[in-house]
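K.L.:
Shown below is the structure under consideration.
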Amino acid sequence: MGLGRLGSISVLRQSGLPIGIDFGVSSLKVLQVSAGEPQGLVAAASVPTPDDLLFDDDKRFEFQFAALPKLIKQGGFKGKRAVCSIPASRTFCKHAQFQVTDGVNVGALVRALLPREIGCSPDALVFRHVEVGPCERAGGKLETICLATGREFVEQMMGSLRASKLEPVGMHSEFQAGLRAFGGFKGAGEADDGTGTLYLDIGTGSTKVLISHGTQLAFARCVEIGGAHLDQAVADQLKLAMVHAREHRLGMEQLTPEGAGPTPGPVVNDAGADEDGSSMAVLAAGMAKAGAGESPEGEDASRRQPAGAFVRSPAAAEPGSKGFRKRVAPKADLSEPLEILTDEVSMCLRYHASLFPSRRVSRVVFFGGESRQRALCHHVARTLRLSGQIADPLARVGRSGKEPTSGVSFQETQPGWAVALGLCVSPTDL
């Protein structure tokens with residue numbers, strides 16, 4: 001069963017959009033939205049991962065595969081068609097440049113390359129690839145993102161879906177699903193502006209680094225630093241249990257000691273405004289599009305902030321409002337894991353710039369569950385010296401409040417559900 005044929009978008013069947021299933025580290029997420037514009041929530045359900053399984057992939061997947069049938073049965077989902085993600089921890093990702101001539105099958109080149117890189121038989125792997133386009137340098141070779149995962153693991157996922165009485169109709173990497181969640185971020189028909197956008201999916205177990213050219217994926221890499229690693233650093237330094245270390249870390253307004261922070265960089269917003277104050281409809285649920293970066297006097301709020309500051313929504317700034325969290329003094333020092341993370345992301349940016357120098361990356365969009373910590377996104381954006389936004393793609397999905405939900409509250413922003421949403425609108429041609 002190959003994944004190469006998932007590249008082209010098929011016509012949706014009459015049963016509507018499929019159920020999206022994200023086997024995430026922090027939780028198993030299942031989401032379904034209606035077709036049409038605007039999309040509406042049909043149902044959503046989540047099962048959190050026990051703390052003792054966060055760093056044990058095999059046992060975590062076993063737990064999630066066993067939990068899926070009950071979640072589907074009780075979740076209020078419609079139809080049987082389902083699309084699932086291939087977890088980043090089980091995805092081998094490599095960038096390669098191929099000299100392609102007429103008649104050359106790029107898929108065959110990928111299938112010849114990756115088994116040698118991994119050291120296993122081609123029959124043990126399932127492949128797919130993304131053709132980015134000719135490099136501006138490297139002799140005009142075709143830049144290609146090569147992806148592979150173990151066939152045995154794919155069969156386990158398919159078995160879990162069938163045990164849930166679902167029909168598997170699609171399977172996609174977290175990289176592609178995450179980017180597809182932003183299909184409304186720039187209209188599908190909107191002309192490519194010639195720049196690049198950095199997307200950072202900061203999760204519990206890792207950070208997925210994506211660079212897009214317009215709506216097309218141009219770079220993908222998984223960095224093994226996530227929220228759980230930051231929590232572990234706090235736990236080790238302060239001798240706390242992981243659950244208390246996480247509470248402490250989420251309450252930290254400053255993640256590094258005074259004077260150890262990065263050089264101030266461009267403006268970063270969580271209110272849905274770019275540096276020029278323009279609104280982004282998918283950012284910051286509940287923010288009014290027209291008022292997202294403006295002061296009461298109509299002046300661009302981002303211009304009134306010091307360099308590197310977030311523009312915070314008034315509702316999030318007041319005690320007692322949703323999203324408000326009591327701040328604590330930074331007693332732990334997260335300089336080391338954050339330096340590793342930002343160094344890895346910087347290397348990704350340099351690689352992209354070396355091949356596509358005209359595609360300057362000028363901004364970063366944060367999503368993933370850990371992006372709810374404003375201080376974390378703030379630190380990363382300042383270090384990278386990029387303008388940034390914290391995104392909640394589900395903000396554009398309509399809700400009446402009567403839809404069946406379990407294990408998740410949509411009264412709060414949910415940037416960690418971007419992959420699940422992207423799966424719902426992904427190709428369905430398995």
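The values are calculated or read from the model by the stated rules, or taken from the named source; none is laboratory data. Predicted, not measured: the structure shown is a model, and the values here were computed from it. Positions of Cβ are backbone-derived with ideal geometry, glycine not excepted, and every protein chain shown enters the neighbour counts.
K.L.:
Among (1) more than 30 Å from Q74 (Cβ to Cβ); (2) assigned by the TED database to the domain that holds A418, which single condition is V209 missing?
P.N.:
(2)
K.L.:
Scan (1) crowded, with 22+ Cβ neighbours inside 10 Å; (2) among the acidic types (D, E); (3) modelled with pLDDT under 95 for the single condition D51 breaks and write down its number.
P.N.:
With respect to (1) crowded, with 22+ Cβ neighbours inside 10 Å; (2) among the acidic types (D, E); (3) modelled with pLDDT under 95, D51 is out only on (1).
K.L.:
Another one. Restricting to the stretch 152-176, name every residue that is closer than 28 Å to A218 by Cβ and either among the acidic types (D, E) or outside the structural domain of C84 (by the TED database) (or both).
P.N.:
Within the stretch 152-176, just E174 meets the criteria.
K.L.:
Output the qualifying pairs, or none if there are none: Cβ atoms under 6 angstrom, residues six or more apart or on different chains, first residue in the stretch 211-239 and within 25 Å of V365 (Cβ to Cβ) and of a type in the set (K, R), second residue in a strand (DSSP E or B) and modelled with pLDDT of 95 or more.
P.N.:
R221/V209
K.L.:
While we're looking at this one, here's another question. Going residue by residue through the stretch 243-254, is there one that turns out to be assigned to a loop (DSSP other than H, G, I, E, B), under 22 Å from the mean Cα position of the chain (by Cα) and either at pLDDT below 95 or more than 29 Å from F175 (Cβ to Cβ) (or both)?
P.N.:
No, the stretch 243-254 contains no residue that is assigned to a loop (DSSP other than H, G, I, E, B), under 22 Å from the mean Cα position of the chain (by Cα) and either at pLDDT below 95 or more than 29 Å from F175 (Cβ to Cβ) (or both).
K.L.:
Considering each residue of the stretch 371-430, count those that are surrounded by fewer than 23 Cβ atoms within 10 Å (Cβ to Cβ) and touching a Cys at 6+ places or on another chain (Cβ under 9 Å), and give that number.
P.N.:
Final tally of qualifying residues: 0.
K.L.:
Inside the stretch 72-97, can you point out the residues that are within 13 Å of G24 (Cβ to Cβ) and outside any strand (DSSP E or B)?
P.N.:
P87, A88, S89, R90
K.L.:
Residue by residue through the stretch 129-169, note down the ones that are surrounded by 13 or more Cβ atoms within 10 Å (Cβ to Cβ), closer than 20 Å to F61 by Cβ and charged (D, E, K, R).
P.N.:
Those that are surrounded by 13 or more Cβ atoms within 10 Å (Cβ to Cβ), closer than 20 Å to F61 by Cβ and charged (D, E, K, R): R151, R162.
K.L.:
Considering only the stretch 58-93, how many residues are more than 19 Å from M171 (Cα to Cα) and in contact with a helix residue (DSSP H, G or I) (Cβ under 7 Å, 6 or more places away or on another chain)?
P.N.:
Residues that pass the stated criteria total 3.
K.L.:
Could I ask something else about it? Taking G178 as the residue in question, decide whether it is under 14 Å from the mean Cα position of the chain (by Cα), at pLDDT 95 or above and not in a strand (DSSP E or B).
P.N.:
It is true that G178 is under 14 Å from the mean Cα position of the chain (by Cα), at pLDDT 95 or above and not in a strand (DSSP E or B).
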